[in-house]
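> The structure under discussion is supplied below as structure tokens; questions concerning it will follow.
The values are calculated or read from the model by the stated rules, or taken from the named source; none is laboratory data. Keep in mind that this is a model prediction, so the values were computed, not measured. Cβ sites come from the backbone with ideal geometry, for glycine too, and all protein chains shown count toward neighbours.
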């Protein structure tokens, strides 16, 4: 019998809040109920915003909640060489290209297009798609700009990647928290346009790192927030072109603030450390998130 493997994967760029508590506790509950295991992954590729202090804080919060996980803990910042090797493979296969447009140039390009009457397409989060005007740059010109240290990001050529796969994509999504039944969801990576898979100074992105880590850690079930539902399409495409196994997914409900919006680290929403200092117990937190 295959051991089911779940994971909780926070980023140490702020304090954990009630939404993180719900996701962590749900993953542990499912691992315990199925006789599986729970892994902890520290997603710290953003070396500017992620700090050892925030990591120490989130570890303290999770231990206070009573969470247990298998060791060792995987820290993404310790695996840049692995991500670089995969990025190099995507470059060789001509499935990514260097994108040189700055944010200002992107805004100007889109504004000019919209002035001429074209509604610019947006991704599921409402962000304008990358214009990809430099996708057609000759190889010689790309190399010249890179040699002159022009800033750029590596973007996935989603059309080329879809052609490389040569078939429609889907994923298995569990319909509720019991993980008793799944439905097939159509993957639409094209809705996101040419997403970033790496920056010049960091040889990966969230999308690339997460599919590699899930495969390397043998994750069988990805249980995470509903806000990442649509992004799964991009990750399914990367799994296919890299030959990685496909986990099953469940995108759980979000814990919302009093104003109805998703909780945010950057706004300091309902931090677990603050609740602990105010005298809350782990059982109080469990009740607050519906356990």
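> Taking the stretch 155-176, which residues are in contact with a strand residue (DSSP E or B) (Cβ under 9 Å, 6 or more places away or on another chain) and either loosely packed, with under 15 Cβ neighbours inside 10 Å or part of a strand (DSSP E or B) (or both)?
155, 156, 168, 170, 171, 172, 173, 174, 175, 176
> Go through the stretch 95-125 and give me each residue that's closer than 15 Å to residue 189 by Cα, assigned to a loop (DSSP other than H, G, I, E, B) and out of contact with any helix residue (DSSP H, G or I) (no Cβ under 8 Å at 6 or more places or on another chain).
Within the stretch 95-125, 121, 125 qualify.
> Continuing with this model, one more query. Looking only at the stretch 156-175, which residues are within 30 Å of residue 291 (Cα to Cα) and in contact (Cβ under 8 Å) with a residue 24 or more places away in the chain?
Once the filter is applied, which keeps residues that are within 30 Å of residue 291 (Cα to Cα) and in contact (Cβ under 8 Å) with a residue 24 or more places away in the chain, the stretch 156-175 yields 171, 172, 173, 174.
> Based on what the data block shows, is residue 80 modelled with pLDDT of 95 or more, within 23 Å of residue 226 (Cβ to Cβ) and under 18 Å from the mean Cα position of the chain (by Cα)?
no
> Among the residues of the stretch 7-23, are any surrounded by 19 or more Cβ atoms within 10 Å (Cβ to Cβ), out of contact with any strand residue (DSSP E or B) (no Cβ under 9 Å at 6 or more places or on another chain) and either without any contact (Cβ under 8 Å) to a residue 60 or more places away in the chain or more than 20 Å from residue 218 (Cα to Cα) (or both)?
For the stretch 7-23, residues surrounded by 19 or more Cβ atoms within 10 Å (Cβ to Cβ), out of contact with any strand residue (DSSP E or B) (no Cβ under 9 Å at 6 or more places or on another chain) and either without any contact (Cβ under 8 Å) to a residue 60 or more places away in the chain or more than 20 Å from residue 218 (Cα to Cα) (or both): present.
> Take residue 66 and decide whether it is touching a helix residue (DSSP H, G or I) at 6+ places or on another chain (Cβ under 7 Å), closer than 30 Å to residue 275 by Cα and loosely packed, with under 14 Cβ neighbours inside 10 Å.
Here the answer is yes, as residue 66 does meet what is asked.
> Here's something else I'd like to know. Return a yes/no flag: does the stretch 129-151 have any residue that is surrounded by 14 or more Cβ atoms within 10 Å (Cβ to Cβ), in a strand (DSSP E or B) and at pLDDT 95 or above.
No: the stretch 129-151 contains no residue that is surrounded by 14 or more Cβ atoms within 10 Å (Cβ to Cβ), in a strand (DSSP E or B) and at pLDDT 95 or above.
> Pick from 180, 230: which is at pLDDT 95 or above, outside any strand (DSSP E or B) and surrounded by fewer than 19 Cβ atoms within 10 Å (Cβ to Cβ)?
Of 180, 230, the one residue that is at pLDDT 95 or above, outside any strand (DSSP E or B) and surrounded by fewer than 19 Cβ atoms within 10 Å (Cβ to Cβ) is 230.
> Something else now. (1) touching a residue at least 40 places away in the same chain (Cβ under 8 Å); (2) farther than 24 Å from residue 222 by Cβ: which one isn't true of residue 28, the others all being true?
Unmet for residue 28, out of (1) touching a residue at least 40 places away in the same chain (Cβ under 8 Å); (2) farther than 24 Å from residue 222 by Cβ: (2).
> Taking the stretch 70-94, which residues are within 18 Å of residue 139 (Cβ to Cβ) and in a loop (DSSP other than H, G, I, E, B)?
Correct list: 93, 94.
> Are there any pairs with C-beta distances below 6 angstrom linking a residue in the stretch 216-233 that is within 20 Å of residue 194 (Cα to Cα) to a residue that is in a loop (DSSP other than H, G, I, E, B), with the two at least 6 apart or on different chains, and if so which?
The qualifying pairs are 230/124; 233/187; 233/188.
> Determine which member of the set 122, 142 is closer than 27 Å to residue 241 by Cα and in contact (Cβ under 8 Å) with a residue 40 or more places away in the chain.
Criteria check complete, one pass: 142.
> With respect to residue 67, determine if the residue is without any contact (Cβ under 8 Å) to a residue 60 or more places away in the chain, at negative phi and in a loop (DSSP other than H, G, I, E, B).
The answer is yes for residue 67.
> Can you pull out the residues in the stretch 242-253 that are surrounded by 15 or more Cβ atoms within 10 Å (Cβ to Cβ) and either modelled with pLDDT under 95 or in a loop (DSSP other than H, G, I, E, B) (or both)?
244, 246, 247, listed by residue number.
> Here's a follow-up. Given the criterion surrounded by fewer than 19 Cβ atoms within 10 Å (Cβ to Cβ), assigned to a helix (DSSP H, G or I), more than 11 Å from the chain's Cα centre (by Cα) and at negative phi, identify the matching residue among 190, 239.
Answer to the check: 190.
> Sticking with this structure for a sec: Of everything in the stretch 201-218, what is part of a helix (DSSP H, G or I) and in contact with a strand residue (DSSP E or B) (Cβ under 7 Å, 6 or more places away or on another chain)? Give them in sequence order.
207, 208, 213, 214
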